[in-house]
Amino acid sequence: MTLPDDLAYPIIAVSDLHGRRRDLERLVERLERLPEWPDAAVVFLGDYGDRGPDTRGTIDLVLELLRRPAGGSAVAGNHDLGLVRTARLDDGPPSSYWRGHFPPVYSAGPTLASYVPRFHPRAILTADDLETLREAMPKAHRDFLVNLRWVVEAPGHLFLHCGLSPELEATPAEQVAALRERRWHRAEMRPRPNTNTDRLWQPEYPVWIGADRKLSRSPLPYPGKVQVTGHDTVPEPEANAVRIRLDTGGGIGPPSACLLRSAEAPPEFISIPSL
């Protein structure tokens with residue numbers, strides 16, 4: 001499946017899923033009642049696995065929804081990037097950063113158990129476990145996670161996991177160009193001296209994907225486009241002239257969505273109650 005970089009309205013953005021397939025099913029039941037549903041592209045904002053009980057089923061449903069005639073796209077979250085690099089789903093070399101960071105921090109035991117049921121969901125993944133996960137994951141799921149976009153654009157919106165950064169000398173347009181090509185190079189992005197991005201620069205973890213959590217709340221504005229993000233959990237969806245924040249679940253509660261009818265129309269938020 002090829003994930004597009006650009007979408008046309010109407011668009012429905014869906015927040016972080018974290019392995020909660022049943023909640024996604026319930027949300028889709030609400031979305032199907034919208035008159036725009038048959039023509040609406042769906043864009044997912046990242047974090048498809050970990051924490052929740054059914055990563056495998058969640059990705060199956062995401063792929064099914066992206067195959068609708070109206071199509072859609074999906075961006076990478078920090079959980080997805082960490083899984084790809086830690087389990088080498090991209091066939092790349094081992095990542096010392098993610099191998100040291102992902103297993104103890106990212107609650108990935110449920111992800112492993114959803115693909116290899118003999119494992120306990122509360123397990124802390126070892127290097128051998130990650131190789132087992134890599135071999136057990138269907139090719140369609142590996143391809144999906146490896147090829148996630150870093151940003152998806154519409155005429156009046158940007159869809160990404162966290163947000164653009166004011167701690168980079170790179171302009172908003174330069175940052176989006178790098179996001180589209182999935183590039184994260186210090187010489188190109190030029191972190192501002194003495195900022196956290198400068199001091200804590202991590203070449204394997206772009207700030208836009210989640211390394212700088214505050215970008216969800218206060219991203220660098222992009223002229224003419226509103227940023228639609230997840231990553232940082234909020235009590236309810238919220239919007240201003242610069243960004244829309246949708247992650248109401250955080251892997252603990254159900255996800256939210258917003259309908260964007262055009263570049264100028266205000267977002268219509270769609271949420272479901274917790275079970």
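The values are calculated or read from the model by the stated rules, or taken from the named source; none is laboratory data. What you see is a predicted model; the values in this text were computed from it and never measured. Cβ coordinates were reconstructed from backbone atoms using ideal geometry, including for glycine residues, and neighbour counts include every protein chain displayed. Protein only, heavy atoms only, side chains kept; ligands, DNA and RNA dropped before computing areas. Shrake-Rupley method; radii C 1.70, N 1.55, O 1.52, S 1.80 Å.
The listed residues are 252, 244, and the only one of them that is outside any loop (DSSP other than H, G, I, E, B) and not acidic (Asp, Glu) turns out to be 244.
In segment 118-134, the qualifying residues are those that are out of contact with any helix residue (DSSP H, G or I) (no Cβ under 9 Å at 6 or more places or on another chain) and farther than 15 Å from residue 91 by Cα, and the one that is modelled with the highest pLDDT is 118. Residues that are touching a helix residue (DSSP H, G or I) at 6+ places or on another chain (Cβ under 8 Å), part of a helix (DSSP H, G or I) and open to solvent by 10 Å² or more (accessible area, probe 1.4 Å) within segment 168-180 comprise just one, 174. Residues in segment 210-246 that are of a type in the set (Gly, Ala, Ser) and either open to solvent by less than 40 Å² (accessible area, probe 1.4 Å) or farther than 18 Å from residue 263 by Cα (or both): 210, 211, 216, 218, 230. Taking the criterion of being surrounded by 17 or more Cβ atoms within 10 Å (Cβ to Cβ), out of contact with any Lys or Arg (no Cβ under 9 Å at 6 or more places or on another chain) and of a type in the set (Gly, Ala, Ser), would at least one residue in segment 18-33 satisfy it? No, segment 18-33 has no match at all. Residues that are among the β-branched types (Val, Ile, Thr), more than 27 Å from residue 95 (Cα to Cα) and part of a loop (DSSP other than H, G, I, E, B): does segment 213-235 have at least one? Scanning segment 213-235, I find at least one residue that is among the β-branched types (Val, Ile, Thr), more than 27 Å from residue 95 (Cα to Cα) and part of a loop (DSSP other than H, G, I, E, B), so the answer is yes. Within segment 94-127, being in contact (Cβ under 8 Å) with a residue 40 or more places away in the chain, part of a loop (DSSP other than H, G, I, E, B) and closer than 22 Å to residue 17 by Cα holds for 106, 107, 108, 121. For the residues 199, 183, the requirement of being loosely packed, with under 14 Cβ neighbours inside 10 Å, within 19 Å of residue 77 (Cβ to Cβ) and not hydrophobic (A, V, I, L, M, F, W, C) singles out 183. Taking the conditions exactly as written (open to solvent by 10 Å² or more (accessible area, probe 1.4 Å), modelled with pLDDT of 95 or more and over 17 Å from the mean Cα position of the chain (by Cα)), does residue 110 satisfy them or not? No: the conditions fail for residue 110. Only helices (runs of 4 or more DSSP H) whose full extent lies in segment 1-93 are considered here, and the ones with at least 1 residues that are modelled with pLDDT of 95 or more, within 23 Å of residue 209 (Cβ to Cβ) and under 14 Å from the mean Cα position of the chain (by Cα) are 55-66, 78-86.
Among the residues making up segment 173-204, those that are touching a Leu at 6+ places or on another chain (Cβ under 7 Å) and under 18 Å from residue 148 (Cβ atoms) are 175, 176, 179. If the condition is being crowded, with 17+ Cβ neighbours inside 10 Å, in a loop (DSSP other than H, G, I, E, B) and of a type in the set (Gly, Ala, Ser), then segment 255-275 contributes 256, 271.
In the set (1) loosely packed, with under 15 Cβ neighbours inside 10 Å; (2) on the phi > 0 side of the Ramachandran plot; (3) touching a helix residue (DSSP H, G or I) at 6+ places or on another chain (Cβ under 7 Å), the condition left unmet by residue 188 is number (2). The number of residues in segment 53-104 that are surrounded by fewer than 21 Cβ atoms within 10 Å (Cβ to Cβ), of a type outside the set (Lys, Arg) and within 16 Å of residue 43 (Cβ to Cβ) comes to 8. Checked against the criterion of being at pLDDT below 95, under 27 Å from residue 174 (Cβ atoms) and open to solvent by 20 Å² or more (accessible area, probe 1.4 Å), segment 135-149 has no qualifying residue.
With respect to being touching a Gly at 6+ places or on another chain (Cβ under 8 Å), crowded, with 16+ Cβ neighbours inside 10 Å and at positive phi, residue 47 fits the description.
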